[in-house]
Amino acid sequence: MQIKTAQFVTSVARAEALKDFGVGEIAVAGRSNVGKSTFINYLTGRKGLAKTSSTPGKTRLLNYFSVNDGEFMLVDLPGYGFAVKLSDEERRRWDALMSAYLTSSQRLKHVLVLMDIRREPSELDKQMIAFLSGRIVPFTVVLTKADKLSRAAAGRQKSAIASALKLGVDDLIVTSSLNKLGKEEVCALIERSLNE
């Protein structure tokens, strides 16, 4: 699959406002500051499509992007793990939005779970993988920021992360927006997921 066009459609703040656009959805999940916005911009070839920020936890909304004029929706989920600055009410709303989307979307085909290749998976990463596995939601771990490591170190980290998550090493895709790495693999995965 080739991603030719992508545009922002809408943001959703509450579970009851979730949308159904009648096409397959590919969700992007990950800890705050893992590089989700950079990844989305790299994947779509649109530099400012998803707003990047140096402040973790900026995305508190679920954002829908239409790809290839409505061929599918790319859904950017709120980053997890930086809820310390949220009130209890905001945190509950955030949790409800995330779990409602992941468990009730009839169109969700696959979740791309982003993790920083330089870091060990956090407890929250492990909880996300367990959540998806338990609900039989198809997912793939996408390792970001591979340009920060040598090729050999990236290979070692990929194996270590796969082992920590109890996944096969082939279930992880290594990416770098800087080195233009992994995009074709991710696009092929999206195409397979949409056709299943």
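The values are calculated or read from the model by the stated rules, or taken from the named source; none is laboratory data. Treat the numbers as computed from the prediction; the structure is a model and nothing was measured. Note: ideal-geometry Cβ built from the backbone for every residue, glycine included; neighbour counts use all protein chains shown. Surface accessibility is based on the protein's heavy atoms, side chains included, excluding ligands, DNA and RNA. Shrake-Rupley method; radii C 1.70, N 1.55, O 1.52, S 1.80 Å.
Restrict the check to segment 136-152 and report whether at least one residue is among the small types (Gly, Ala, Ser) and farther than 23 Å from residue 187 by Cβ. Spell out the reasoning first.
Filtering segment 136-152 for residues among the small types (Gly, Ala, Ser) gives 146, 150, 152.
Keeping just the survivors that are farther than 23 Å from residue 187 by Cβ gives 150, 152.
Yes, that holds for at least one residue.
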Quiz item: Would you pick out the residues in segment 133-146 that are farther than 17 Å from residue 192 by Cβ and either buried (at least 20 other Cβ atoms within 10 Å of the Cβ) or modelled with pLDDT of 95 or more (or both)?
Solution: 143, 144, 145, 146
Quiz item: What residue, among those in segment 72-103 that are modelled with pLDDT of 85 or more and part of a helix (DSSP H, G or I), is surrounded by the fewest Cβ atoms within 10 Å (Cβ to Cβ)?
Solution: 103
Quiz item: From the list 142, 111, which one is closer than 25 Å to residue 17 by Cβ and either of a type in the set (Lys, Arg) or not in a loop (DSSP other than H, G, I, E, B) (or both)?
Solution: 111
Quiz item: Which residue pairs have Cβ atoms closer than 7 Å, lie 6 or more positions apart in sequence or on different chains, and pair a first residue in segment 37-48 that is without any contact (Cβ under 8 Å) to a residue 60 or more places away in the chain with a second residue that is of a type in the set (Gly, Ala, Ser)?
Solution: 37/50; 40/50; 44/6; 46/6
Exercise. Return only the number of the condition from (1) at pLDDT 90 or above; (2) assigned to a helix (DSSP H, G or I); (3) closer than 30 Å to residue 71 by Cβ; (4) open to solvent by 20 Å² or more (accessible area, probe 1.4 Å) that residue 167 does not satisfy.
Key: (2)
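Return the residue satisfying two criteria in turn: it lies in segment 1-44 and is of a type in the set (Ser, Thr, Tyr) and closer than 30 Å to residue 147 by Cα, and of such residues it is modelled with the lowest pLDDT. It would help to see each step written out before you state the result.
Keep residues of segment 1-44 that are of a type in the set (Ser, Thr, Tyr), which gives 5, 10-11, 32, 37-38, 42, 44.
With the extra rule that they be closer than 30 Å to residue 147 by Cα, the set shrinks to 5, 32, 37-38, 42, 44.
Values: 5: 94, 32: 81, 37: 90, 38: 92, 42: 94, 44: 95.
Among them, the one singled out is 32.
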